[in-house]
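The values are calculated or read from the model by the stated rules, or taken from the named source; none is laboratory data. Predicted model only: the values in this text are computed from it and were never measured. Cβ sites come from the backbone with ideal geometry, for glycine too, and all protein chains shown count toward neighbours.
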C-alpha cells in the first residue's frame, strides 16, 4: 500500500518510474510507451496479446503450462514478423524477429528459454506486489470481468492494478482515481490503432502513469516538464515563415544538424515548436523531426487554421556516421506555407505541457522584437 506523499521523498527519473510497471498483455502498446520513455524492463507479457479469459486462466494456474514441451509455436504474421503463441494460454508474443532470414528452430529454442526465465520473474513480482500491473480495458469489458482479473492476480500477492480506458472522441481524459485498495483507474486520449501498437498517444500515457506511480509509491507527482539539456543547441525563438519548395507535392525540410557529440545517444530528447497554418494553405502534413530513432510525436492538426498549435517529436540521437537533424517538415507544394516560433530541444520524451501558446496578435514593438529574435 502507498504511504503518505511527502515533498522530501526522492522521486526517480521518468525511465525508472516507468520501469516500475508491468504489462498484463493487452497488446504491445504499453511496451512501446515504456520504450519511448527510456525504460526497457524485461516483462513476460510486455509485447504480448492475451485475451482476458485466457490471461485469467494462466494466472489461476501460475502459468504452469506456459513454455512446457510442445506448448510454443512460431506463427508468421502479415507484417513479416514471427509471433510466438502458447497453445495452452493463447498468449501471442511479438518476437521482433523478421521471418525472412531468421532461423526458425533457433528462434523457437530462444523463446522457450525466454519464457522460462521471465515466467519465474513474473511470479516473483506477483508475490511481492512491488510492480504496478497495467491492463487496457478491452471493448465490452465489464467491471465484473476486471474484478475476475484482479482476484486472479491477488491469488499471488498484493499487486496494484492500473485499469486504463480510452477517452471518448473529443472528451478530456479522466484523472487517475483509486477505486479500490489495490486498484487505480484512468484514461488516455486514445489507444494505438490496430496493428500499429507503436503509434502511441504518449503525453496522456505518461501523465497517467506518473500519477499512478505517485499514488502507488506514496510520493508527490513528479514534474513532467522536459528538463533543459545543458548541451541543448541554440534554436530560433522568433517567428519564421516557411513555404513549400516544390511545384508538385513533396517534402520540404526546415531543419538543423545535430552535433552528436553533445548528446547522450541512449537518452530521449524532445523537439517542440508552435506552428500556425494560414487558411489558404493546403498542406498534406506539417510535423516535427528529432534524431534518428523517432519515438513519440504530435503532428499539426490540419483543421486548425490561423491559430498557434504545438507540434513535437521525441527521439534518440543514436549511433551512426551521419548527422541527424532537428526541426520541422512540410509535405505540400510551393503554394503551401506556415509560420513557426519558439523552437525548443530538451531532454525527455514529452514537451513542456505548461508552456503557453504565443499571442495570436502582437503590437508593433512586439512584432519588431519578434523579428529581431528578442
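Things to note:
- Identity of the residue in segment 222-262, in the same structural domain as residue 274 (by TED's automatic domain parsing), more than 26 Å from residue 279 (Cβ to Cβ) and not in a strand (DSSP E or B), that ends up modelled with the highest pLDDT: 258
- When the test is whether a residue is assigned to a loop (DSSP other than H, G, I, E, B) and modelled with pLDDT of 85 or more, residue 200 passes it.
- The residues of segment 282-315 that are part of a loop (DSSP other than H, G, I, E, B), in contact (Cβ under 8 Å) with a residue 40 or more places away in the chain and more than 17 Å from residue 341 (Cβ to Cβ), listed by number, are 282, 283, 284.
- Condition met for residue 74 (assigned to a helix (DSSP H, G or I), surrounded by 14 or more Cβ atoms within 10 Å (Cβ to Cβ) and at pLDDT 95 or above): no
- Checking residue 95 against (1) part of a strand (DSSP E or B); (2) out of contact with any helix residue (DSSP H, G or I) (no Cβ under 7 Å at 6 or more places or on another chain); (3) surrounded by 14 or more Cβ atoms within 10 Å (Cβ to Cβ), the condition it does not meet: (2)
- Residues of segment 279-300 satisfying the condition of being more than 11 Å from residue 330 (Cα to Cα) and touching a strand residue (DSSP E or B) at 6+ places or on another chain (Cβ under 6 Å): 281, 290, 291, 293, 294, 295, 296, 297, 298
- Set side by side, the residues 59, 133, 55 differ, and just one is crowded, with 17+ Cβ neighbours inside 10 Å, touching a residue at least 24 places away in the same chain (Cβ under 8 Å), under 24 Å from the mean Cα position of the chain (by Cα) and not in a strand (DSSP E or B), which is 55.
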